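Presented below is the structure to which this report refers.
Every read-out reported here was derived from the displayed coordinates using simple, explicitly stated rules and does not represent laboratory data. Nothing here was measured: the structure is a model prediction, and the numbers come from that model. Here the Cβ positions follow ideal geometry from the backbone for every residue, glycine too, while neighbour counts run over all protein chains shown.
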C-alpha cells in the first residue's frame, strides 16, 4: 500500500521502530527477515508509507511480538475513534424472523451508517 499512514498506523509503526531499537536490530535486518526491499521497509518505519496488514504481520512475526498487542498499544496511546461505530453482532441487522422462519434482509433493513460507506 502506498498511502500515508493514519493516526493508528503512525503509532503502530512507531511501536515497530521502538521494538527494533529495543532488540538492537536495523531496518535492513527486518527487510531481510520479511523478504522486502530495504527501501520499502525504510519508508514504512519512517512513516512515509503505510505497510499492508500482511507486512505488519510479517514484521511482528520477525520481531517476535503479537499483532494484537501491537495494535492495542497503538490504540491505547491515542484518541482514535473508528470511522464506523462498531456494534455487537446482534445490533447489526434487525431480527428478520417472522413466525419462526428466516426472511431475507432488505437493504432498507441495514442501519444507515453501514448502507453507504464512502
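Quick one: Kirkwood hydrodynamic radius for region 1-70, alpha-carbon pairs, angstrom, one decimal? Walk me through the intermediate numbers first.
Working: mean 1/r = 0.0855 Å⁻¹.
This gives a value of 11.7 Å.
If you count, for each residue, the other Cβ atoms within 10 Å and average over each peptide, how do 16-26, 37-47 line up from highest to lowest?
The peptides rank, most packed first, as 37-47, 16-26.
Kindly state, to the nearest 0.05, the FRET efficiency for residue 38 paired with residue 17, given R0 = 22 Å and r defined as their beta-carbon distance. It would help to have the intermediate numbers written out before the result.
Working: r = 15 Å, r/R0 = 0.68.
The formula returns an efficiency of 0.90 here.
If each residue's Cβ is checked for other Cβ atoms within 10 Å, how do 63, 30 rank with the fewest at the top?
On the way: 63 20, 30 23.
Ordered by Cβ neighbours within 10 Å, fewest first: 63, 30.
For residue 71 and residue 25, FRET efficiency with R0 = 22 Å and r from the beta-carbon atoms, rounded to 0.05? Display every interim value, and only then the final one.
Values: r = 20 Å, r/R0 = 0.93.
According to the calculation, E is roughly 0.60.
Contact order normalised by length for region 7-76, with contacts defined as Cα pairs under 8 Å and 6 or more residues apart; what percent is it? Working shown, then result.
Numbers: 53 pairs, mean separation 31.0, N = 70.
Worked out over region 7-76, it gives 44 percent.
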